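Enquirer: Pasting a structure below so you can have a look.
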Protein chains: 2
Amino acid sequence: MTTPSLVALDMEGVLLEEVWLAIASHTGIEKLRLTTRDVSDYDELMRMRLDILNRHGITLADLQSVIAESVKPLPGAVDFLNWIRRRLPVVILSDIFMEFVQPVVHLMEYPTILGNSLTVDPDSGMITKYHIRQRDGKRKAVQALRDIGYTVFAAGDSYNDLTMIKEADAGALFRAPEHISSAHPDIKACSEYGELKDLIQSSLRLPVTA
Amino acid sequence: MTTPSLVALDMEGVLLEEVWLAIASHTGIEKLRLTTRDVSDYDELMRMRLDILNRHGITLADLQSVIAESVKPLPGAVDFLNWIRRRLPVVILSDIFMEFVQPVVHLMEYPTILGNSLTVDPDSGMITKYHIRQRDGKRKAVQALRDIGYTVFAAGDSYNDLTMIKEADAGALFRAPEHISSAHPDIKACSEYGELKDLIQSSLRLPVTA
């Protein structure tokens with residue numbers, strides 16, 4: 001008997017459209033398109049983002065309206081998620097701010113998301129601070145789940161998913177940029193939910209069903 | 001800034017009807033009504049249950065049919081669950097066998113359930129073994145969630161929930177038998193989802209909304 005299994009998934013790019021891209025498109029502020037692929041220091045990137053929002057007078061409520069209006073689950077994502085959830089527990093490990101997910105969490109049918117958070121000035125509604133729950137939090141969450149007895153399969157699309165995928169018993173890159181997947185030939189890579197299902201099924205030795 | 005919050009809930013008696021009671025009613029086997037309140041040694045209780053199932057030739061598939069037909073979420077449970085899930089991550093910490101949840105997990109809209117599991121003889125379909133993921137697993141899961149940076153509120157209805165409630169930052173007994181709640185006057189007790197929402201909201205200092 002193997003230990004029970006659990007699936008840990010990144011959210012943006014795997015289940016949900018990228019939130020900052022939607023904000024950039026909607027506000028027309030090109031600099032908000034930059035990601036950790038462009039500015040490798042996350043704190044520098046976030047300081048820049050908060051500074052831009054403040055200069056433009058964009059509040060959290062404004063961002064939540066944009067997100068509610070424009071950010072959608074990726075096509076097929078909810079079916080994929082429920083396919084796993086009929087079989088196994090799923091935990092979403094994301095660097096997203098929970099305040100950004102709130103307007104769209106019902107569209108994903110309320111998965112369990114472990115993310116980060118924001119502080120907002122109650123008078124102005126402006127975002128004043130961001131809080132990272134834990135440094136290398138995705139990896140540490142996978143480690144914690146393994147410590148309580150789970151065999152963990154982890155999948156994500158970017159740099160910040162690599163340590164959790166390596167910490168997990170099995171895992172994959174999903175729709176990762178070519179330069180990330182080719183730099184990590186030891187990690188399986190795929191781009192369709194069907195392939196990811198097959199990898200989950202074979203890695204965790206689930207019974208093969210429809 | 002406090003740490004982010006998470007809610008850990010027991011399942012049977014809190015969100016879902018009791019599975020063994022449904023099996024006992026449906027099969028008419030009175031001894032399957034016994035719980036850890038009657039037989040305090042869990043292993044003894046489970047050996048008795050498996051022995052009864054085997055003597056009556058009841059397979060896992062039979063039990064799953066009974067569960068699919070007769071076990072329902074408690075009235076108001078899904079609304080309560082989604083009320084939390086719009087605000088916070090929720091993890092269900094249950095001693096249930098995941099094979100028993102599978103037929104009804106969609107009725108609860110796929111919460112993340114950390115439970116136990118069974119081994120089934122592939123030829124006969126009979127349950128041959130049960131597997132407890134971890135001794136004192138509910139408490140250890142709460143501890144793991146606190147270790148990765150969460151303030152945890154935990155609620156359950158019985159003896160096996162006491163250690164997780166005590167391990168959590170805050171918690172409550174929900175619809176617990178009178179002799180359990182009166183023996184633990186230090187733990188808040190309530191019996192309606194509205195009261196439990198209020199306790200979650202005040203303990204975790206959530207913004208008061210509808």
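The values are calculated or read from the model by the stated rules, or taken from the named source; none is laboratory data. Worth saying up front: this structure is predicted, and the values here are computed from it rather than measured. Virtual Cβ from ideal backbone geometry, glycine too; neighbours counted across all protein chains shown.
Enquirer: Out of all the residues in the range A:157-170, is one or more within 11 Å of another protein chain (Cβ to nearest Cβ), under 16 Å from the mean Cα position of the chain (by Cα) and not hydrophobic (A, V, I, L, M, F, W, C)?
Expert: Taking every residue of the range A:157-170 in turn, none turns out to be within 11 Å of another protein chain (Cβ to nearest Cβ), under 16 Å from the mean Cα position of the chain (by Cα) and not hydrophobic (A, V, I, L, M, F, W, C).
Enquirer: Which numbered condition trips up residue A:130, out of (1) closer than 29 Å to residue A:82 by Cβ; (2) of a type in the set (Ser, Thr, Tyr); (3) more than 9 Å from chain B (Cβ to nearest Cβ)?
Expert: So residue A:130 meets the others, but not (1).
Enquirer: Would you be able to say whether some residue in the range A:83-92 is in contact with a Pro (Cβ under 6 Å, 6 or more places away or on another chain) and part of a helix (DSSP H, G or I)?
Expert: no
Enquirer: Taking residue A:95 and the conditions (1) more than 10 Å from every other protein chain (Cβ to nearest Cβ); (2) modelled with pLDDT of 95 or more, which numbered condition does it fall short on, given that it satisfies the others?
Expert: The number of the failed condition is (2).
Enquirer: Give the residues of the range A:106-117 that are surrounded by fewer than 19 Cβ atoms within 10 Å (Cβ to Cβ) and either of a type in the set (D, E, K, R) or closer than 14 Å to residue B:89 by Cβ (or both), sorted by residue number.
Expert: The one that is surrounded by fewer than 19 Cβ atoms within 10 Å (Cβ to Cβ) and either of a type in the set (D, E, K, R) or closer than 14 Å to residue B:89 by Cβ (or both): A:109.
Enquirer: Scan the range A:114-123 and tell me whether some residue there is touching a strand residue (DSSP E or B) at 6+ places or on another chain (Cβ under 7 Å), of a type in the set (A, V, I, L, M) and closer than 24 Å to residue A:4 by Cα.
Expert: yes
Enquirer: Considering only the range B:65-78, state which residues are touching a helix residue (DSSP H, G or I) at 6+ places or on another chain (Cβ under 8 Å), away from chain A (no Cβ under 12 Å) and either aliphatic (A, V, I, L, M) or more than 16 Å from residue B:12 (Cβ to Cβ) (or both).
Expert: The answer is B:66, B:67, B:69, B:71, B:77.
Enquirer: Of all residues in the range A:65-81 being aliphatic (A, V, I, L, M) and assigned to a helix (DSSP H, G or I), which is surrounded by the fewest Cβ atoms within 10 Å (Cβ to Cβ)?
Expert: Here the residue is A:68.
Enquirer: Right, something else. Of the residues that make up the range A:185-193, is at least one more than 14 Å from chain B (Cβ to nearest Cβ), touching a residue at least 24 places away in the same chain (Cβ under 8 Å), under 19 Å from residue B:147 (Cα atoms) and in contact with a helix residue (DSSP H, G or I) (Cβ under 9 Å, 6 or more places away or on another chain)?
Expert: Checked against the condition, which is being more than 14 Å from chain B (Cβ to nearest Cβ), touching a residue at least 24 places away in the same chain (Cβ under 8 Å), under 19 Å from residue B:147 (Cα atoms) and in contact with a helix residue (DSSP H, G or I) (Cβ under 9 Å, 6 or more places away or on another chain), the range A:185-193 yields no hits at all.
Enquirer: Another question about this same structure. How about the range B:136-161: which of its residues are of a type in the set (Ser, Thr, Tyr) and either at pLDDT below 95 or out of contact with any strand residue (DSSP E or B) (no Cβ under 9 Å at 6 or more places or on another chain) (or both)?
Expert: Matches in the range B:136-161: B:158, B:159.
Enquirer: Let me ask something else. With respect to residue A:139, is the statement that it is touching a residue at least 12 places away in the same chain (Cβ under 8 Å), buried (at least 21 other Cβ atoms within 10 Å of the Cβ), over 23 Å from residue B:78 (Cα atoms) and among the charged types (D, E, K, R) true?
Expert: When the stated conditions are applied, residue A:139 passes them.
Enquirer: Checking residue B:86 against (1) within 11 Å of another protein chain (Cβ to nearest Cβ); (2) charged (D, E, K, R); (3) under 20 Å from the mean Cα position of the chain (by Cα), which single condition isn't satisfied?
Expert: Residue B:86 satisfies all of (1) within 11 Å of another protein chain (Cβ to nearest Cβ); (2) charged (D, E, K, R); (3) under 20 Å from the mean Cα position of the chain (by Cα) except (3).
Enquirer: A further question follows. Could you please give the count of residues in the range B:98-122 that are facing another protein chain (nearest Cβ under 10 Å) and aromatic (Phe, Trp, Tyr)?
Expert: Going through the range B:98-122 one residue at a time, the tally reaches 1.
Enquirer: Taking only the range B:1-29 into account, find how many residues are without any contact (Cβ under 8 Å) to a residue 24 or more places away in the chain and either within 12 Å of chain A (Cβ to nearest Cβ) or assigned to a strand (DSSP E or B) (or both).
Expert: Residues flagged as without any contact (Cβ under 8 Å) to a residue 24 or more places away in the chain and either within 12 Å of chain A (Cβ to nearest Cβ) or assigned to a strand (DSSP E or B) (or both) within the range B:1-29 amount to 1.
Enquirer: Can you run down the residue pairs with Cβ atoms below 7 Å, 6 or more apart or on separate chains, where the first is in the range A:169-181 and basic (Lys, Arg) and the partner is in a loop (DSSP other than H, G, I, E, B)?
Expert: A:175/A:13; A:175/A:157; A:175/A:191
Enquirer: Among (1) buried (at least 20 other Cβ atoms within 10 Å of the Cβ); (2) within 30 Å of residue A:138 (Cα to Cα); (3) of a type outside the set (Lys, Arg), which single condition is residue B:163 missing?
Expert: Result: residue B:163 fails condition (1) only.
Enquirer: Turning to a different aspect of this structure: What are the residues in the range A:7-54 that are among the basic types (Lys, Arg) and exposed (fewer than 15 other Cβ atoms within 10 Å of the Cβ), if any?
Expert: A:31, A:33, A:37, A:47
Enquirer: Take the residues of the range B:55-64 that are part of a helix (DSSP H, G or I), more than 14 Å from chain A (Cβ to nearest Cβ) and touching a helix residue (DSSP H, G or I) at 6+ places or on another chain (Cβ under 9 Å): which is surrounded by the fewest Cβ atoms within 10 Å (Cβ to Cβ)?
Expert: By that ranking, first place goes to B:62.
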